[in-house]
Amino acid sequence: MTEHEMNTEQKILDAAKDIFQHKGMTGARMQEIADKAGINKALLHYYYRTKEKLFEKVFELAFSLFIPKVKEMMTSDKPIFEKLEFFIENYLNLLQKHPYIPGFIINELNRNPKMLVGLIEKNIQLKEGNLLGVIESQIQHEVELGIVKPISARNLMTNVISLCIFPIVARPILQGVLFENDKKEYDLFLEQRRAFVKEYIINSIKV
């Protein structure tokens, strides 16, 4: 790929990320993405034949910075509490930078669950390096040391992900009902919630 082609593709990806962020995958239009990238629709289709393929690439890039450092931390010999704080901080950063991801997942759950599972498995790579098994073993070890209460890795990570993702998925409801639709107040709430989620999760398993 030439430098010009790489620049064109980057413009497409930047434009797509912005459109997906504001409209989600369902609301986004290829013509709108082409216009924002400053190219014609035919050229956009040359790079990405479908909106789904383009979203898949944007989704993959969003996770490409998140997954390696999280996997490195989660498979290290750091204490489980330190790992959880690191995961929560970085997962919330990911959701903050790419708020279209939770909405996409919710929309695709019923429409195309097989594609969704494949896309998430490909990017999260839980099976690679047996990440869940590593976490499970560490939990068991720290239970034996009297540091944490017994809990499965699946339950622990489900609790973490749920607490992180729900306020973002349910933002229209929570912001409207609990914050009188005050965007600034809700943004502040989300920022302050980082510390709350870390403390809540750690206290829930601490002996």
In this structure, is F86 free of Cβ contacts under 8 Å to residues at least 24 places away in the same chain, assigned to a helix (DSSP H, G or I) and not assigned by TED's automatic domain parsing to the domain that holds K17? yes
Test for K69: is it assigned by TED's automatic domain parsing to the domain that holds K149, among the charged types (D, E, K, R) and within 13 Å of the chain's Cα centre (by Cα): no
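Scan the stretch 129-170 for residues that are touching a residue at least 24 places away in the same chain (Cβ under 8 Å), more than 18 Å from F87 (Cβ to Cβ), in contact with a helix residue (DSSP H, G or I) (Cβ under 7 Å, 6 or more places away or on another chain) and not hydrophobic (A, V, I, L, M, F, W, C) and report the count.
Going through the stretch 129-170 one residue at a time, the tally reaches 1.
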Name the residue that is nearest to E5 (Cα to Cα), counting only residues in the stretch 21-60 that are among the polar types (S, T, N, Q) and touching a residue at least 24 places away in the same chain (Cβ under 8 Å). Q21
Looking only at the stretch 95-116, decide whether some residue is among the basic types (K, R) and at pLDDT 80 or above. yes
Restricting the stretch 171-205 to residues that are of a type in the set (D, E, K, R) and either without any contact (Cβ under 8 Å) to a residue 12 or more places away in the chain or not assigned by TED's automatic domain parsing to the domain that holds F81 (or both), the residue that is nearest to L94 (Cα to Cα): E191
Across the stretch 61-83, what is the total count of residues that are more than 18 Å from I201 (Cα to Cα), in contact (Cβ under 8 Å) with a residue 40 or more places away in the chain and in contact with a helix residue (DSSP H, G or I) (Cβ under 6 Å, 6 or more places away or on another chain)? 2
A careful count of residues in the stretch 47-66 that are surrounded by 13 or more Cβ atoms within 10 Å (Cβ to Cβ) and more than 24 Å from the chain's Cα centre (by Cα) gives 1
Would you check if there is a residue in the stretch 105-120 being in a loop (DSSP other than H, G, I, E, B) and either loosely packed, with under 15 Cβ neighbours inside 10 Å or on the phi > 0 side of the Ramachandran plot (or both)? yes
All positions within the stretch 19-63 that are touching a Lys or Arg at 6+ places or on another chain (Cβ under 7 Å), outside any helix (DSSP H, G or I) and closer than 19 Å to I101 by Cα: A28
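The values are calculated or read from the model by the stated rules, or taken from the named source; none is laboratory data. Note that the structure is predicted; figures quoted are calculated from it, not measured. Positions of Cβ are backbone-derived with ideal geometry, glycine not excepted, and every protein chain shown enters the neighbour counts.
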